[in-house]
1. Over 21 Å between Cα atoms, which of LYS7/LYS140; LYS140/LYS180; LYS98/LYS135; LYS31/LYS196 qualify?
2. The range 120-200: percent of C-alpha pairs farther apart than 20 Å?
3. Percent of Cα-Cα pairs per 5 Å bin, from 0 to the last occupied bin, for the range 81-154, please list those.
4. Return the carbon/sulfur percentage of the accessible area of the chain, one whole number, probe 1.4 Å, all protein chains in place.
5. Under Stokes-Einstein, with the Kirkwood radius over Cα pairs standing in for Rh, what whole-number D in µm²/s applies to the chain at 10 °C and 1.306 mPa s?
6. Summing -39500 (n - 2.57) over the DSSP H runs of n ≥ 4 in the chain and dividing by its residue number, what mean residue ellipticity at 222 nm do you reach, to the nearest 500 deg cm²/dmol?
7. With a sphere of radius 14 Å drawn around the Cβ of VAL94, what net charge do the other residues whose Cβ falls strictly inside it have (Lys, Arg +1; Asp, Glu -1)?
8. Between beta-carbons, use under 11 Å as the cut-off and find the net charge around GLU174, counting Lys and Arg +1, Asp and Glu -1.
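The values are calculated or read from the model by the stated rules, or taken from the named source; none is laboratory data. Fair warning: this is a prediction, and the values are worked out from it, not measured in the lab. Please note: Cβ atoms are built from the backbone with ideal geometry, for glycine as well, and neighbour counts cover all protein chains shown. With ligands, DNA and RNA removed, areas are computed over all heavy atoms of the protein, side chains included. Shrake-Rupley method; radii C 1.70, N 1.55, O 1.52, S 1.80 Å.
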Amino acid sequence: MKTKLKKLISGLTPLTGLIDFYLEEVKTLEKRDTTFVISDMDDTLISRERLAIDEPLLKQSRGQEGNKVVINHFWIQDIIKRFYADQNPPQDIVSIMKSATDTLVLTAWVPEYAMMKYRAAWLENFPIEVVYDGKDKILKTLQYVLFELKYIPNEIVVYEDRPQFFIEYRELIEWVLWCKLTIMFVEMDGNKWYKKIEKV
């Protein structure tokens, strides 16, 4: 099994020996019958639809490409004021997070931009981690459980509009943490409601 885990983690980092470290850390943690809820931010908790429609430069730019456009062509504060402040996004996932034992907003953006959106969307009651790229969310999930939660939940539920990395690395997370990973695909209809929240 360890060989397979090293092969899986090699798609995320050249430091494949981290698997040995993580497996040793897991042995020191208690298992709890709780659910840890993780949610992406953009197009999962708050929509970027209007931003993409109103700013042609951002229509085809997501992730780090979108970051470059925002930072190099716009003023971040102006983008926040026009598209994120005073919004009223649907509360379906937020309500689930409020009732969970532990939660995390896990997003991939430039930290300064992410934190401004996080505050504008009134998400400050939830912890947040900002990673560089969507793929980095996998190692951050493992690290957060091991070093921040410091216990192993019975289940991790992830809400994502782009869940491909969690799907690809589901085995890695489940095998290292010995818990169930439930992945929920999210499709928003602007900030009006959710078109879809379904298990994948």
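1. The answer is LYS98/LYS135; LYS31/LYS196.
2. So the portion of pairs separated by more than 20 Å is 39 percent.
3. With 5 Å bins starting at 0, P(r) equals 3, 14, 22, 23, 22, 11, 4, 1, 0.
4. 51 percent
5. Working: Rh = 17.6 Å.
Reported coefficient: 90 µm²/s.
6. On the way: 10 runs with 83 residues, N = 200.
Mean residue ellipticity, 222 nm, calculated: -11500 deg cm²/dmol.
7. -2
8. Values: positive: ARG170, LYS180; negative: GLU155, GLU171.
Taking every other residue near GLU174 into account, the sum is 0.
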